[in-house]
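Here the structure comes first, spelled out in structure tokens, and everything after it is commentary.
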Amino acid sequence: LELDQRSMSVCWNQDPVNLTLTEFWIVEALARRPGHVKNYEALNEVTRQGLVERNTINGYIRRIRNKFRKIDPVFNQIQTVHGTGYKWAQE
């Protein structure tokens with residue numbers, strides 16, 4: 001994973017991933033601390049949109065996963081922690 005905060009761009013396996021700004025913030029927050037669970041409240045803050053529902057967060061995660069899977073069909077770095085939130089898998 002390559003994150004460039006200046007250009008707000010992401011590359012996976014050297015291929016660019018076309019993320020929205022909110023999706024970038026979520027990936028950056030998860031990948032910054034692999035293995036650390038980000039609960040829904042923390043992810044809500046990351047979106048910078050005020051109060052958003054869990055379903056909205058789940059929708060962002062689904063779209064992010066789909067965008068990574070277009071590049072890498074076996075992408076599984078974003079893991080669900082049921083009832084709590086999400087984490088970026090440790091290597």
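Details
- Assessment of segment 11-32 against the conditions (free of Cβ contacts under 8 Å to residues at least 40 places away in the same chain, in contact with an Asp or Glu (Cβ under 6 Å, 6 or more places away or on another chain) and open to solvent by less than 90 Å² (accessible area, probe 1.4 Å)) yields at least one matching residue.
- Output for segment 37-63, where each listed residue is outside any helix (DSSP H, G or I) and under 10 Å from Y86 (Cβ atoms): V37, K38, N39
- Tallying residues that are of a type outside the set (A, V, I, L, M, F, W, C), open to solvent by 20 Å² or more (accessible area, probe 1.4 Å) and under 16 Å from G59 (Cα atoms) within segment 33-49 yields 8.
- Only one of R62, R69, R54 that is open to solvent by 60 Å² or more (accessible area, probe 1.4 Å), within 10 Å of the chain's Cα centre (by Cα) and more than 14 Å from F24 (Cβ to Cβ): R62
- Every pair of residues 6+ apart whose Cβ atoms lie under 7 Å, when the first sits in segment 62-74 and is β-branched (V, I, T) and modelled with pLDDT of 95 or more while the second is open to solvent by 50 Å² or more (accessible area, probe 1.4 Å) and not in a helix (DSSP H, G or I): I71/N13; I71/D15
The values are calculated or read from the model by the stated rules, or taken from the named source; none is laboratory data. Quantities reported herein were computed from a predicted structural model and do not represent experimental measurements. Positions of Cβ are generated from backbone atoms using ideal geometry, with glycine treated the same way; all protein chains shown enter the neighbour counts. When the accessible area is computed, the model is the full protein with side chains, heavy atoms only, and any ligands, DNA or RNA have been set aside. Shrake-Rupley method; radii C 1.70, N 1.55, O 1.52, S 1.80 Å.
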